[in-house]
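Below is one structure; the comments refer to it alone.
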Amino acid sequence: MSNFKLYDREFLQFSNRLGNDPLQVQGAGGNTSIKNENYMWVKASGKELSDSISDNIFVPVNINLIRDSVSTDNNQDIMKAVMDKNIKLRPSIETTFHACLNWSIVAHTHSVSTLVHAISEKGIKIAKEKLNDMPLSVIKYIKPGIDLTKEIMDNLNPKTQVFILKNHGLICCGNSVKEVSNLIRKVELRLKMPIIRKINQLFESENIPNYKLCPESWIAFDDHTIDIVSSGSYYPDHVVFLGPKISFEPTRASPVFLKKRIGIFIKSKASKTQKSMLQCLSNILLRLPLDWVPEPIGEKAEAELLDWDAEKYRKSLSNE
Ligand SMILES: [Zn+2]
């Protein structure tokens with residue numbers, strides 16, 4: 001019997017709510033944590049926030065051990081920080097910033113409205129204006145993990161509660177579930193973007209063995225969106241689950257490819273998370289203003305994500 005049971009119903013319901021909203025998190029992305037003075041519960045890698053109530057998806061970790069590993073830059077095995085040795089789940093890749101942020105509740109999402117802003121310079125500038133009365137910090141793109149955590153810690157003050165991570169997502173922190181939930185709602189309201197593209201084509205079906213035509217196929221009928229998706233990738237989870245830029249023919253690097261004026265095809269065996277990542281891309285593009293020029297994370301950043309054992313683990317857990 002575990003001594004570290006997580007009973008906080010309000011926190012679990014909050015996490016579950018975020019997990020059930022595809023405009024907040026997609027598949028195994030996004031994570032929440034709750035801490036007391038001794039330890040922190042954080043979402044396990046590869047688990048989905050939508051399972052917060054029905055499954056045990058949180059792992060108790062020693063906060064000080066994780067903070068030490070960040071301050072000494074010692075990328076030690078994160079499993080050493082897990083306090084209940086009966087738990088075999090691995091804490092989220094993003095555990096380090098949860099531990100370092102000195103708030104009892106931390107929620108990190110891949111919010112679509114945040115991402116619409118966070119992938120271009122113009123969007124970032126406008127987001128700063130929209131949130132100018134909030135305790136905000138904007139963090140440049142860095143691979144998730146210890147390096148991103150350090151960048152966050154170098155760019156906050158004791159009052160910072162909202163972080164926009166460029167080409168990545170949103171973090172909101174506070175000392176109660178209610179406070180964080182209200183912060184997220186406020187940010188979402190301010191950053192909400194209208195859908196500006198139409199998806200009223202009737203997609204012609206072409207039979208390609210082992211692939212299925214995707215509901216996001218509208219992207220293949222718009223020269224601007226074709227150009228965007230085939231030029232690069234714009235945030236880490238896209239790379240991890242769908243590979244780098246979307247190509248015009250099947251490749252081993254990605255479960256999806258695009259045929260101009262026909263549609264986007266995804267492997268019949270694609271996982272739920274892979275499908276939700278494509279939905280995320282579509283949700284962003286539907287709202288992206290024409291004059292906000294999205295900046296890809298670049299091939300070097302893509303390679304860093306694809307060669308990373310921690311991400312391979314997360315991906316393998318989502319293969320269902
Ligand atoms: Zn993230």
Practice task
Would you give the gap between the C-alpha center of the stretch 259-294 and the C-alpha center of the stretch 40-78, rounded to a whole Å?
Solution key: 30 Å
Problem - Helical contribution to [θ] at 222 nm, DSSP H n ≥ 4, -39,500 (n - 2.57), averaged over the chain, rounded to 500 - result: -10500 deg cm²/dmol
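Quick check on the stretch 4-129: take the gyration tensor over C-alpha atoms, sort the square-rooted eigenvalues as a ≥ b ≥ c, and tell me if it's rounded (a/c under 1.5), prolate or oblate.
Judged from the Cα gyration tensor, the stretch 4-129 comes out oblate (a/c at least 1.5, b/c at or above a/b).
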Fill in the blank from the handout: Excluding ligands, DNA and RNA, the carbon-plus-sulfur percentage of the accessible area of the stretch 9-191 with a 1.4 Å probe reads 46 percent
Completion exercise
About its Cα centre, the stretch 1-133 carries a charge dipole, from +1 on Lys and Arg Cβ atoms and -1 on Asp and Glu Cβ atoms, whose size in debye to the nearest 20 is 80 debye
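What chymotrypsin sites (Phe, Trp or Tyr not before Pro) in the stretch 1-56 are in a loop by DSSP, with at most 16 other Cβ atoms within 10 Å of the Cβ? Before the final figure, lay out the partial values.
Working: sites: PHE4, TYR7, PHE11, PHE14, TYR39, TRP41; in loops: PHE4, TYR7.
Filter output for the stretch 1-56: PHE4, TYR7.
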Fill in the blank from the handout: The local net charge around HIS98, scoring Lys/Arg +1 and Asp/Glu -1 for residues other than HIS98 whose Cβ lies under 10 Å from its Cβ, equals +1
Practice task
Collect residues whose amide H, placed 1.01 Å from N in the peptide plane, falls under 5 Å from the amide H of GLN26; neighbours closer than 5 in sequence don't count.
Solution key: HIS110
Handout entry: Accessible surface, the chain, averaged per residue in Å² (probe 1.4 Å)
Key = 46 Å²
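Please get the size of the charge dipole for the stretch 89-164, origin at its Cα centre, with Cβ charges of +1 on Lys and Arg and -1 on Asp and Glu, quoted in debye to the nearest 20.
On the way: 9 positive and 7 negative charges, 19 e Å.
Roughly 80 debye, rounded to the nearest 20.
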Completion exercise
Answer in debye to the nearest 20: the dipole magnitude of the chain about its Cα centre, from +1 Lys/Arg and -1 Asp/Glu charges placed on Cβ, is 520 debye
Completion exercise
Here the Cα Rg-to-2.2 N^0.38 Å ratio for the chain is 0.98
Practice task
Figure the gain on full extension for TYR7 and ASP68 (residue separation times 0.36 nm, minus the Cα-Cα span) and round it to one decimal in nm.
Solution key: 19.2 nm
Fill in the blank from the handout: Mean projected area, convex hull of alpha-carbon positions in the stretch 64-189, reported to one decimal in nm², is 8.0 nm²
Completion exercise
Straight-line reach check, LYS269, cutoff 24 Å on alpha carbons, 8 or more apart in-chain or any other chain, hits among lysines -> LYS47, LYS212, LYS245, LYS259, LYS260, LYS312, LYS315
Exercise for the section: Return one number: the angle in degrees, 0 to 90 and rounded to the nearest 10, between the long axis of the Cα atoms of helix 121-130 and the longest principal axis of the Cα atoms of the chain. Expected result: 50 degrees
Handout entry: the stretch 9-191: relative contact order as a whole-number percent, Cα under 8 Å and 6+ apart
Key = 22 percent
Problem - Karplus (6.51, -1.76, 1.60) ³J(HN,Hα), θ = phi - 60°, over the stretch 245-251, in Hz, Gly and Pro reported as x - result: 3, 7, 9, 8, 8, x, 9
Exercise for the section: Give a residue-ordered list of calculated ³J(HN,Hα) values for the stretch 77-88 (Karplus: 6.51 cos²θ - 1.76 cosθ + 1.60, θ = phi - 60°; whole Hz; x for Gly, Pro). Expected result: 4, 5, 4, 5, 7, 5, 7, 9, 5, 6, 8, 9
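The values are calculated or read from the model by the stated rules, or taken from the named source; none is laboratory data. Since this is a predicted model, take the numbers as computed values, not measurements. With ideal geometry, Cβ positions are generated from the backbone for all residues, glycine too; neighbour counts draw on all protein chains shown. What goes into the accessible areas is simple: the full protein's heavy atoms, side chains included, and nothing from ligands, DNA or RNA. Shrake-Rupley method; radii C 1.70, N 1.55, O 1.52, S 1.80 Å.
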